[in-house]
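Readers should treat all values here as calculations from the given coordinates under stated rules, not as data from a laboratory. All values derive from a computational prediction rather than experimental measurement. Glycine gets a Cβ as well: all are built from the backbone with ideal geometry, and neighbour counts include every protein chain shown.
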Amino acid sequence: MPSLHLDGISKSFARRTVLHDLSLTVHDGEIFTLLGPSGCGKSTTLWSIAGLHAPDSGSIAFGDRVVFDHGRTNVEPEHRNCGVVFQSYAIWPHLSVADNVGYPLKLRRTPKARREHRVREVLDLVELGDHARSYPHQLSGGQQQRVAMARALAHPPDLLLLDEPFSNLDAKLRDRSRQWLKVLQAQVGVTTVFVTHDQDEALSFSDRIAVMNHGRVHQVGTPQEIYEHPADLFTAGFVGTAN
Ligand code: ADP
Ligand code: MG
């Protein structure tokens, strides 16, 4: 399982720079959260890691493996082996839970017996073993979100990238999902980059947090460091200590 290194990543859309020379290191096995207000560049960072955007400069490495080096290397998203879950879970409505989860394995031409075994395994992991034959519309929002998580884990990813995965859930379900993610992540141990604009969410379960604003990282630290010793006024205001 690799660590993740971003070095000097910049990205502009229509001449507006949304990421300014961003550098970050995510350690092997940790939950690393990108925290910042809407529009600050969190999703753009995550998409760059997944290979869905090519940055205008800089490099990205998974451990020793360079997956992006501007002008030299740009590994295709399907060869980066990231498990990605977005805010809208985007599971297929016309496929059963088992077929949704098995889809990435089918794409990789995993033999049927192995595929079925792995689908059972990850559905048990997200506690949906009894719902393999259900269809998405028969599930609650929280269960659908877990199907998306199971699908992201089906082909064991090198990195798990989670973009505001709980923001569509009601408060109670969101709380339960956070606790559940923490347990799941500890079991699987996969290096995870989690994106949120919600400071309580970030503080509640991250190993470390990068506080972002306007495409720049203001501070990187543990929840305690960020909360107790904010490096600047923006961070103090955003994590609530200045309120
Ligand atoms: P966040 O996830 O923190 O809310 P984003 O990374 O989605 O922020 O967006 C950062 C900025 O880049 C925003 O101002 C957004 O409007 C802009 N942006 C994102 N994607 C595109 C795109 N494909 N084309 C043009 N502008 C974009
Ligand atoms: Mg976003």
With label points set 7 Å from each Cα along the Cα-to-Cβ direction at Asp69 and Thr25, the distance between them in nm comes to 1.9
For region 37-148, the Debye formula with one identical point scatterer on each Cα and no solvent gives log10 I(q)/I(0) at q = 0.10, 0.19 Å⁻¹ as -0.40, -1.02
Helix-only [θ] at 222 nm, the chain, -39500 (n - 2.57) per DSSP H run of 4+, per residue, nearest 500, equals -10500 deg cm²/dmol
Computed over region 7-100, the relative contact order (Cα-Cα under 8 Å, seq sep at least six) in percent reads 22
Largest first and rounded to whole Å, the semi-axes √(5λ) derived from the alpha carbon gyration tensor of the chain read 30, 22, 15
In nm, the gap between the two label points placed 7 Å beyond Cα toward Cβ at Arg15 and His137 is 4.8
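What trypsin sites (Lys or Arg not before Pro) does region 97-163 have in DSSP loop regions with at most 15 other beta carbons within 10 Å?
Arg108, Arg109, Arg133
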Taking a straight Cα-to-Cα line shorter than 29 Å from Lys172, and setting aside same-chain lysines fewer than 8 residues away, one finds Lys42, Lys182
Bounding extents of region 161-233 in its principal axis frame from Cα atoms, largest first in Å, are 32, 26, 23
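Throw me the Rg/Rh for region 105-162, computed over C-alpha atoms with Kirkwood Rh, two decimals.
0.96
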Partner aspartates and glutamates whose C-alpha sits under 20 Å from that of Lys11, ignoring same-chain residues fewer than 8 away, are Asp21, Asp56, Asp69, Glu76, Asp163
With +1 at each Lys and Arg Cβ and -1 at each Asp and Glu Cβ, the charge dipole magnitude of the chain around its Cα centre, to the nearest 20 debye, comes out at 920
